[in-house]
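Take a look at the structure below.
Quick note: the coordinates plus some simple rules give every number you see, no bench work behind them. Just so it is clear, the model here is predicted, and its values are computed rather than measured. Every residue, glycine among them, receives a Cβ derived from its backbone with ideal geometry; neighbour counts consider all protein chains shown.
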Amino acid sequence: MTTPTPTPSAEPLILALFGPPGSGKGTQAHLLVEEFGFAHLATGDLLRLEIRDKTPLGLQAEAVMKSGGLVSDDLVQRMLSEHMLRALESRRGILLDGFPRTAAQFEFLERFLGEHGHRLDAVFNLEVTMEVLITRLTGRRLCRVCGRVYHVVNMPAKVEGRCDDDSGELYQRADDTRESIEKRMEVYESQTRPVLEAFQQRQVLLGIPANEEARIVHPRLAVQIRRLLARATTVGQ
Ligand code: AMP
C-alpha cells in the first residue's frame, strides 16, 4: 500500500478508537496497524494477557472483566503507562483502543501526554446500531496468539478455528455471553459514552459510520489518518 510515511521531524500521531463493545475497534486497529505501523495499545488485550499469565494484575482484573464491569482506573492506568512510555520512545505513533473509557481516564491521558510533550490528535468514534453490535459480539472469535478478531459468519477464518496469520487457536471471549454483553452495554452508556462530550470540547472527535463490514469501514478511517499525517508532516518541517 502507498502510504505517506511521516518524515522523522514530524511528531508521531496519538490516536484513539472509541465506541461501544462490538463497534469494531479491535478489527479496525489491526487493519490500521498493518497499514500505518502504529503501536497498538488495546487495554482489553493487555488485560487478557495479564489474565493468561496469571499476574497479580490479571488476578485482580479477571472477575470484574468476566462480569462485564470496568477494571479500576488506577489499575488500567498503571498498566498502560508502561506501555505508552515504550510506544512514545519508538516514535511510531500510537493507536489507543478501548482507552480512555471514563472521564478520569481521559484526564489521566491528557496529563500523561502533556508531561511527555504530546497531545491526543484525534478520537475516532465508531458509530454502530445496537442490532449490529449484538450480532457481532455473539459471533466473535479471537486468536489466542495474536488477538486478531474473527466472526463465525461475517469474517470467518480460512481454516475453521485457526488464525489466518499464525494458526493460533480461535476462542470465544469469557465476557461475550448474553449476560455480560448486557452489562457492558450498560457500563458503556453510563460511564463511557459521556466522555464523547469531553473529546468534542477538545475538538479531537471524528465520527465514523461503522455499521458496514470491516473492509468498507477501514478506508473511512485511513483517509482521515492520511490527512492527519500530512498535517503533522507539514507542521514538523
Ligand atoms: P475490550 O477488549 O476493550 O472489550 O475490554 C474488555 C474488558 O476489559 C472490559 O469489559 C473491561 O472489563 C476491561 N477493560 C478494557 N479496557 C478498559 C479500560 N480502559 N478501563 C477499564 N476496564 C477496561
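Model label points for residue 112 and residue 203, set 7 angstrom from Cα along the Cα-to-Cβ axis, are 2.6 nm apart. A Förster radius of 30 Å, combined with the Cβ-Cβ distance separating residue 86 from residue 177, puts the computed FRET efficiency at roughly 0.35. Normalising the average separation of contacting C-alpha pairs (under 8 angstrom, six or more residues apart) by the number of residues puts the relative contact order of the stretch 137-186 at 38 percent. Scaled against the 2.2 N^0.38 Å expected of a compact globular protein of N residues, the Cα radius of gyration of the stretch 118-181 reads 1.33.
In the chain, the sites counted are trypsin sites (Lys or Arg not before Pro) in DSSP loop states with at most 15 other Cβ atoms within 10 Å, and the longest stretch holding none of them, exclusive of the sites, is 1-53.
Each residue of the stretch 117-131 is assigned a 3J(HN,Hα), and the resulting list reads x, 10, 8, 6, 7, 7, 10, 9, 8, 7, 9, 9, 6, 4, 4 Hz, derived from the Karplus form 6.51 cos²θ - 1.76 cosθ + 1.60 (θ = phi - 60°), x at Gly and Pro. Among residues other than residue 65 with Cβ under 13 Å from its Cβ, the summed charge is +2 (Lys and Arg +1, Asp and Glu -1). Multiplying the residue separation of residue 158 and residue 191 by 0.36 nm and subtracting their alpha-carbon distance yields 8.1 nm.
Using alpha carbon centroids, what distance separates the stretch 99-142 and the stretch 148-193, in Å? The stretch 99-142 and the stretch 148-193 have Cα centres spaced 17 Å from each other.
The orientation-averaged projection of the convex hull spanning the C-alpha atoms of the stretch 169-216 amounts to 5.4 square nanometres.
Over all directions, how big on average is the projection of the convex hull of the alpha-carbon atoms in the stretch 79-130, in square nanometres?
About 4.4 nm², averaged over all directions.
The alpha-carbon atoms of the stretch 130-237, seen along their principal axes, cover 48, 35, 23 angstrom, with the largest extent given first. Run the Debye formula on the Cα coordinates of the chain, all scatterers equal and no solvent, and tell me log10 I(q)/I(0) at q = 0.09, 0.12 1/Å. Taking Cα atoms of the chain as identical point scatterers yields -0.36, -0.67. In the stretch 19-147, the ratio of gyration radius to Kirkwood radius, Rg to Rh, stands at 0.94 when only Cα atoms are counted. Straight Cα distances below 13 angstrom link residue 183 to the aspartates and glutamates 175, with same-chain residues fewer than 8 positions distant left out.
Using 1/(1 + (r/R0)^6) with R0 = 45 angstrom and r between the beta carbons of residue 63 and residue 214, what's the FRET efficiency to the nearest 0.05? Let's see the in-between values first.
On the way: r = 31 Å, r/R0 = 0.70.
E(calc), rounded to 0.05, equals 0.90.
One equal scatterer on each Cα of the stretch 81-165, no solvent, Debye formula: the resulting log10 I(q)/I(0) at q = 0.23 Å⁻¹ is -1.08.
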